[in-house]
Amino acid sequence: TREVPPCFIAGAEFDPLLDDSRLLYQTLAAHQQPCEFKLYPGTLHAFLHYSRMMKTADEALRDGAQFFTAQL
């Protein structure tokens, strides 16, 4: 995990891969890697593609941008 870049994980509540997202976050955090996990209620897998239609997607993109800006 030493060469893993900072990671922002946007979890979709109804994503079949949500458990994998949580496990990735837990693994990175256990190895003191810069990471953040945030769950977005009511969302499906790939919800980030709908930022023009979903305020939650726009919020997640802003949250990710803030996370990465803080890493600079």
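Considering the conditions (1) buried (at least 16 other Cβ atoms within 10 Å of the Cβ); (2) in contact with a helix residue (DSSP H, G or I) (Cβ under 7 Å, 6 or more places away or on another chain), VAL4 is excluded by exactly one of them, (1).
Please go through the range 23-49 and pick out each residue that is in a helix (DSSP H, G or I), more than 20 Å from GLU3 (Cα to Cα) and touching a strand residue (DSSP E or B) at 6+ places or on another chain (Cβ under 9 Å). Those that are in a helix (DSSP H, G or I), more than 20 Å from GLU3 (Cα to Cα) and touching a strand residue (DSSP E or B) at 6+ places or on another chain (Cβ under 9 Å): PHE47, LEU48.
Counting just the residues of the range 44-71 that are aromatic (Phe, Trp, Tyr) and more than 17 Å from PHE14 (Cα to Cα), which one comes out surrounded by the fewest Cβ atoms within 10 Å (Cβ to Cβ)? It would help to see each step written out before you state the result.
First, the residues of the range 44-71 that are aromatic (Phe, Trp, Tyr): 47, 50, 67-68.
Filter once more, keeping what is more than 17 Å from PHE14 (Cα to Cα): 67-68.
Values: PHE67: 18, PHE68: 15.
So, considering only residues that are aromatic (Phe, Trp, Tyr) and more than 17 Å from PHE14 (Cα to Cα), the one surrounded by the fewest Cβ atoms within 10 Å (Cβ to Cβ) is PHE68.
Mind listing just one residue for me: the one in the range 9-43 that is aromatic (Phe, Trp, Tyr) and farther than 15 Å from THR56 by Cβ and, of those, surrounded by the fewest Cβ atoms within 10 Å (Cβ to Cβ)?
Our first condition is that a residue be aromatic (Phe, Trp, Tyr); within the range 9-43, this holds for 14, 25, 37, 40.
Now restrict to residues that are farther than 15 Å from THR56 by Cβ: 25, 37.
On the way: TYR25: 19, PHE37: 16.
So the residue we want is PHE37.
Could you please find all residues in the range 1-22 being in a helix (DSSP H, G or I) and within 11 Å of the chain's Cα centre (by Cα)?
If we filter the range 1-22 for residues that are in a helix (DSSP H, G or I), which is where we start, we get 18-22.
If the condition is that a residue be in a helix (DSSP H, G or I) and within 11 Å of the chain's Cα centre (by Cα), then LEU18, SER21, ARG22 are the ones that fit.
All of the numbers you see were taken from the coordinates with simple rules; none came from a lab. Treat the numbers as computed from the prediction; the structure is a model and nothing was measured. Please note: Cβ atoms are built from the backbone with ideal geometry, for glycine as well, and neighbour counts cover all protein chains shown.
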